[in-house]
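First comes the structure, then the notes that go with it.
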Amino acid sequence: MSAVLEVRGLRTEFLTAAGILRAVDDISFSLSAGEIIGLVGESGSGKSVTGFSLLGLIDPPGRIAGGSVRLNGAELVGMTPGELRRRRGREIAMIFQDPIATLNPLLTVGQQMAMALAAHERVSTKAAADRCTEALARVGIPSPRARLSAYPHEFSGGMRQRVAIAIALLHRPAVIVADEPTTALDVSIQAQIVAEMRSLAREFGVAMIWISHDLAVVSGLASRILVMYAGRIVEEGPAARVLRDPRHPYTCGLLDSLPAATAPGVPLRQIPGAMPSLLALPPGCAFQPRCACATPDCAVAPEMTVERDRSWRCFHPAGVASERVAS
Amino acid sequence: MTEILSAAPAPASPLRLFWREFRRNRLATAALAVTVALALLAAFAPLVAPQNPYDLAHLSLADARRPPGYLGTGGYVYLLGTDPQGRDLLSAILYGLRVSVEIGLAAGCIALTIGATFGVLAAYAGGWIETLIMRAVDLQLSFPAILLALVLAALLGQGKAQLVTALVAAQYAYFARTAYGAAAAERRKDYIEAAMATPLGAGRVVFRHLLPNCAPPLIVVATVQIASSISLEATLSFLGLGLPVTEPSLGMLISNGFPYMMSGRYWISVYPGLMLILLIMAINIVGDQVRDQLNPRLRR
Amino acid sequence: MSRRYEGYLTVDGVSKVFGARLSAGDRFVRFLRRAGPAPSLRAVSDVSLSLPKGQTLGLVGESGCGKSTLGRIIAGIYPPSSGTVTLDGEAVMEEGRKVTTDVQTVFQDPFASLDPRMKVGDAVAEGPVAHGVVSRAGAREHVSRWFARVGLDPSLAGRYPHQFSGGQRQRIAIARALAMNPKLLICDEPVASLDVSIQAQVLNLFLELRRELDLTCVFISHDLSVVRHVSDRVAVMYLGRIVELGETERLFRRPAHPYTAALLDSVPRIVADGEALVEMKPIEGEIPSPLDPPPGCHFAPRCPRAVAECSVRAPLLREPGPGRSASCHFAEAQLALPERAIV
């Protein structure tokens, strides 16, 4: 299947008083229609900035410093703001963690959806209402016609997120970037939304980038997983294989840190230390100061090692014979 | 044992960061320099002023109402001219500045203390105490401060203490309102709940935790209110309700010269007036910058 | 009311009703309109439980279930509307005032629970000095000892909270609570706002200190895997009521309440089942508003087992099996289901 989204060597920087902060450093991946990939990392890993960069939503002092983002063959990096705006919402859409911040509290849900519709299409009021009703029904909102005239505050957190998803789906975009869309929700509601999103991706062939700190949520949803650390992808591969048989010590550490991975009451296998500041990255591999496998080799930044359908950025990958793997 | 975590080297103190940002605004820095200079002039007026305007022995009615640059009988040049009593206007302005700053600061600080205490107390205690204090404050805020000050100054009579009392009564409500707003927001934060859960006494929670965290908005209001105390005092003195004639403030100097404005002897009113404007503008510019820096909503 | 439970920590018939706070004006308008009593929210409804010394009780549930409110009542922050909380036979609160220092709390958000304008060392020393746990002269040493114990360099005591990361702040908050030498520690979602790798560090610290100090704990969390890891007993709450209570491992393997079972099903897990990963099963419907809970069993509208009776008669908390309490008419049937594999 051909890729709807092709990202190559994407770099995003922020100019700060203390120097250039490289939030996203040389990220490459591709996404085909109907595929869901999980972009996993802890806070400060650059996963959200990656999402914003894909939509060209980086404002000064930040800038996309290099690389390429091709959406349906069109290059987004370097596109004028006007052209970007025409594609945003119609070809690529974003869902955020906090739907209350993205919905206007003064307008009814129907008005906001009609506005989103009118941004890219000319539709009659009646046709717009029908389309919006249909969109709300699709994301599982009960009595959607009546709910069009409700205000955002009249919805629960989970329902608001469904509205945000419905708006994102209005134009049937090729790609949806979802930034921690279920983090603020209760587990029972999170499970509903995840199930909903999965069936939407299947049904409409929408490709999705699911950004999350939670490996477990991503595991139930994504076919491929990208693990980010300090602005770079450290491991990438099919979800089941990355989770069952991780290569990068950071991925291993994340999985081991989960309470479910250890018998109750027994100390968890923790990763020591904390994510370094992006302004003061250690030389070589950024994970090296926290890594149990680190050797003097790690003072040089490792390149991506590719092995069939997966890759990692480490000299001492787990689960591979301990000889140094040439890149 | 978990490993000993150490943080990065200590960054610059908050005060230093504040000053670094403040300095970036040149106008505000200049205004701060003017404010400090005027405060110093006021504090050391007796040493700086060429003449003691209160010392009747040095005054001669022959020198009254002379224009700037006039060479007086004592062989002394009156740089800014003289007033109707034959006082050196420059000296009179410096002494007047001293009185104005003194009263403004005293009124501002006392109003801050009383208002902040009331406001924080209302927010912390809640219930009928809150209702009582805040309704009283709202009621007072519905009258213009100048009206209240006028009435009080008229009732209490002349004198520094009376004037400060009138100004405090007119202005504490602004501090109370601000302190209440800040404290009501802080009160709901976890660290106050944590302090109460220890449990720590009410006094400690209020004075060690609540009050310091309400300081930023109070500092902003304080700078504005000191400026407004000074202008309020000038207004009252101009209207003859402020200080006795023996201690002329800037407002009274303006008032003294007012009858002569139309006869071409502009300097008697204009120079004290300019001084008053300079002082109030400088304080307000400093206050604006402080507000911009302390208000997180205006942060870029 | 007679004591139903006796334990080291005893929560007896505790309820908490939050009345809508009305201003004088609102009251006047309500009076003119002859409106009835102001709307009230029953955040905690007649909760009784007990906990032996040295054990940890996990309090789980989704938002609005009242777990945080119950935690704050046990911690002596909120006075209960009715009922009592006693620790080692002594009341935690009397006449709406906390009268003990034996209960201390660690809050969820370490960015909000430390006074931004107080040096962290002073924050740790403040309570112990105020209550004579340590003399003013000995405060420095006390702080240094606790800093070292929670894995922080004691030389950092002179810094302000904003100079620390989230994980470090949570260590400081733990040091502040433990510096009071409490007998009972309430942890209200202490790791919810931390990254996974930092969460593991803080959980390990918690486990280690609990063992060394022989602490009794109430651990509140929405994260079932975290609760399962740290607790001896678990109480599951739904809309202000305890729906199930029991020994952790057995409760997770054989839940007696359909809500517990459904909650366990909806938790995302990393499970390798052949090639595909097992998917989570959502619970139907929304969490009802606690302002207007459904009649009868609050869970009935979402419950796969519900019958007509459930919406009429609220099930009482009873013992369907040894050492287990559950409030469901079908608890026995639920318990008889095969044991769940938990990974």
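Rounded to whole numbers, the Karplus 3J(HN,Hα) couplings from phi for segment C:186-200 are 9, 10, 9, 6, x, 10, 5, 9, 10, 5, 3, 5, 6, 4, 5 Hz, using 6.51 cos²θ - 1.76 cosθ + 1.60 with θ = phi - 60°, and x at Gly and Pro. For chain C, a simple Cβ point-charge model (Lys and Arg +1, Asp and Glu -1, everything else neutral) yields a dipole of about 860 debye relative to the Cα centre. When only the Cβ of Lys, Arg, Asp and Glu is charged (+1, +1, -1, -1), the dipole of the protein assembly as shown relative to its Cα centre reaches about 1200 debye. Taking the longest Cα principal axis of chain B as reference, the axis of helix B:26-43 is set at about 60 degrees. Each peptide in C:95-104, B:99-108 gets a packing score, the mean of other Cβ atoms within 10 Å over its residues, and the list from highest to lowest is B:99-108, C:95-104.
Mind checking B:274-281 for the average number of partner chain beta-carbons within 10 Å of each residue's beta-carbon?
Mean shielding count: 0.
Of the beta bridges in the protein assembly as shown, as assigned by DSSP with both residues counted there, near 65 percent are antiparallel. In this Cβ point-charge picture (+1 for Lys and Arg, -1 for Asp and Glu), segment A:135-290 has a dipole of about 320 debye about its Cα centre. Each 20 Å bin from zero up to the one holding the largest Cα-Cα distance in the protein assembly as shown carries the following percent of pairs: 11, 34, 34, 15, 5, 0. Beta bridges per DSSP, both residues in chain A: antiparallel share near 60 percent. Step through the table entries B:189/C:53; A:47/C:281; B:189/C:16; B:189/C:119; C:67/C:98, compare each Cα-Cα distance with 24 Å, and write down the pairs that go over it. B:189/C:53; A:47/C:281, as the Cα separations exceed 24 Å there. Put simply, the amide H of residue C:238, placed in the peptide plane, has neighbours under 5 Å in C:243, leaving out anything fewer than 5 places away on its chain.
Mean per-residue shielding of peptide C:224-232 is 4, counting Cβ atoms of other chains within 10 Å of each Cβ.
Of the options B:266, B:164, B:78, report the single residue whose Cα projects farthest towards the positive end of the charge dipole of segment B:37-298 (beta-carbon charges: Lys, Arg +1; Asp, Glu -1). The Cα lying farthest towards the positive end belongs to B:164. Can you give me the angle between helix C:166-178 and the longest principal axis of chain C, using Cα atoms only, in degrees from 0 to 90, rounded to the nearest 10? With rounding to tens, the tilt is 80 degrees. Using only the C-alpha atoms, the convex hull of segment B:37-298 corresponds to 145 Å³ per residue. Here is how the number arises for chain A: DSSP H runs of 4 or more residues each give -39500 (n - 2.57), the sum is divided by the residue count, and the result at 222 nm is -8500 deg cm²/dmol. For chain A, a Kirkwood hydrodynamic radius built from all Cα pairs, placed in the Stokes-Einstein relation at 20 °C and 1.002 mPa s, yields a translational diffusion coefficient of 102 µm²/s. Mean per-residue shielding of peptide C:117-127 is 3, counting Cβ atoms of other chains within 10 Å of each Cβ.
Between the Cα long axis of helix B:160-187 and the first principal axis of chain B there is an angle of about 20°, rounded to the nearest 10. Per-residue Karplus couplings for segment C:144-155, computed as 6.51 cos²θ - 1.76 cosθ + 1.60 with θ equal to phi - 60°, are listed in order as 4, 5, 6, 4, 4, 5, 8, x, 10, 5, x, 5 Hz, Gly and Pro entered as x.
Values in this text are rule-based calculations from the coordinates and carry no lab data. What you see is a predicted model; the values in this text were computed from it and never measured. Glycine also receives a Cβ, built like all others from the backbone with ideal geometry; neighbour counts cover every protein chain displayed.
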